[in-house]
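Everything below concerns the one structure shown next.
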Amino acid sequence: MTKLYYPEDKLPLSRLLPMGLQHVVAMFGATVLAPILMGFNPQTAIFFSGVGTLLFIAITRAKVPSYLGSSFAFIGPVLAVTGGMAEKIPFALCGIAGAAALYAIAGAATLRFGSKWIDRLMPPIVTGSVVALIGLNLSSSAVANFFNADFRLTNSAEAVNLFVAVATFTVAACVSIYLKGFLRLLPILTGVLAGYALSLALGIIDPAHIAAISAAPWLGLPPFIAPAFSLEALLVIAPVFVVLVAENKGHIEAISGYMKRDLNPHLGRAYLGDAAATFAAAMGGGTPQTTYAENMGVMAITRVFSVYNFIAAACIALLLGLCPKFGAVILSIPAPVLGGVTVILYGLIAMMGIKIWLDAKVDFCSHKNLIIAGSSIIISTGLGVKGFTFGTVNIAGIAFGTVLAVMVNLALSFGKEDKEAAGQDCAVCKIT
């Protein structure tokens with residue numbers, strides 16, 4: 001079995017750099033996609049993801065291994081404020097800063113009163129559901145990259161794309177399962193490099209991306225934007241902090257389960273670190289931050305939880321933010337290559353949610369637990385990345401499912417206890 005590295009364990013520089021790059025590759029697609037959808041600058045978002053990760057590690061005293069990237073939960077509310085117009089982004093930044101302030105209050109309350117209030121609000125049935133629905137909600141995106149948006153194989157070009165995706169998946173899976181030594185810790189990076197090389201050989205990389213790599217400068221500051229006060233933006237965007245509270249709690253539970261070390265005592269600092277990262281990003285035109293499930297997937301498959309990996313990844317992200325040419329190379333990674341590795345990563349995320357349930361011995365003979373988990377996961381997965389639109393406001397599927405899990409749990413916690421499972425067999429129990 002691969003050795004398990006804990007947050008405090010150090011790695012030699014020769015291993016640290018490629019492992020840090022692997023985490024950058026894992027987070028890059030989503031961290032860049034979110035600002036594009038919101039109308040923000042991707043280079044600025046990458047820069048602040050590095051800044052935010054370093055802030056998070058410092059505030060958590062290097063106890064919680066996590067990478068912070070762009071949050072998809074804010075896409076709908078941000079677009080509701082900006083209407084897709086770049087000149088209104090400063091108002092959205094004000095709302096994001098407001099969410100960070102409320103998030104910090106939640107973190108301070110957790111530090112002051114402990115995590116029991118969070119445990120009551122978000123027991124394992126909720127946190128497991130939140131983690132599982134993240135992976136399942138993103139599944140359509142992974143499969144679309146693996147095949148195509150129509151899920152059809154109609155011509156030779158699509159067959160070539162599928163071949164690249166399968167090859168990338170196979171390399172990453174085989175590296176993780178069959179190789180020994182250091183290379184076994186780099187399945188995602190190895191898969192992407194193999195898929196990229198194959199894409200070059202088959203000529204499926206967009207020529208425009210090749211031209212962009214050549215034209216991109218080696219050095220350049222990202223464009224920074226300051227926030228501007230807007231009460232409307234505060235009212236629309238600030239409440240999204242609840243989603244970050246649930247996501248972060250679920251991520252802490254998942255990492256704790258894989259490390260066999262309880263990280264809940266650090267939950268308050270994790271909230272403060274995430275809030276500080278989001279506030280810093282809002283001050284300079286970056287996207288709101290959240291702990292990234294993609295990087296949790298990398299940790300789960302490599303069993304390396306060292307925070308030094310994330311310090312290296314954050315420094316690489318900062319360089320990406322200051323080096324447009326390197327960023328152009330990452331942006332040129334073809335969709336089938338991303339599909340090959342994200343199928344693995346998003347699957348691992350979904351399995352992490354199930355592991356939270358197993359470790360907490362969640363009772364699925366309880367109708368209450370079945371309804372909480374089933375309804376939130378099915379609705380979130382059904383919404384997919386398109387989310388739910390009400391009027392002109394779009395709510396991301398992950399955000400909608402997260403809030404639904406919390407609210408259904410609260411609603412079903414009033415009144416009589418679900419004691420049906422206590423003395424009777426149920427269909428689920430008979431199956432297991």
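Coordinate-derived values only; no laboratory data. No experiment lies behind these values; they were computed from the predicted model shown. Reconstructed Cβ throughout: ideal geometry from the backbone, glycine too, with neighbour counts over all protein chains shown.
Here are some notes:
- Applying a length cut-off of 20 Å (Cα extent along the axis) and a mean Kyte-Doolittle floor of 0.5 to the DSSP H helices of the chain leaves 13-38, 42-59, 89-113, 156-178, 187-202, 241-259, 267-284, 307-322, 335-359, 367-383, 397-412.
- Shape analysis of region 69-155 places it in the oblate category; the axes a ≥ b ≥ c from the Cα gyration tensor give an a/c of at least 1.5, with a/b not above b/c.
- Within the listed set 274, 150, 206, the Gaussian network model of the chain (springs between alpha-carbon atoms below 10 Å) gives the highest mean-square fluctuation for 150.
- Dividing the mean sequence gap of close Cα pairs (under 8 Å, 6+ apart) by how many residues the chain holds gives a relative contact order of 35 percent.
- Cut-off of 10 Å, at most 12 other beta carbons, DSSP loop: longest stretch of the chain lacking such trypsin sites (Lys or Arg not before Pro): 261-360
- Helical mean residue ellipticity (222 nm; -39500 (n - 2.57) per DSSP H run of 4+; nearest 500) of the chain: -22500 deg cm²/dmol
- Residue pairs, from the table 3/260; 63/249; 88/386; 180/355; 355/386, whose Cα atoms sit over 19 Å apart: 88/386; 180/355; 355/386
- An ellipsoid equivalent to the chain, defined through the eigenvalues of its Cα gyration tensor, has semi-axes of 32, 27, 22 Å when rounded to whole angstrom and sorted largest first.
- Difference of contour (0.36 nm per residue) and Cα-Cα distance, residue 413 to residue 150: 90.5 nm
- Across 174, 94, 315, mean-square fluctuation computed from a Gaussian network of the chain (C-alpha pairs under 10 Å connected) peaks at 174.
- Charge dipole of the chain (Cα centre as origin; +1 on each Lys and Arg Cβ, -1 on each Asp and Glu Cβ, all else neutral): 880 debye, rounded to the nearest 20.
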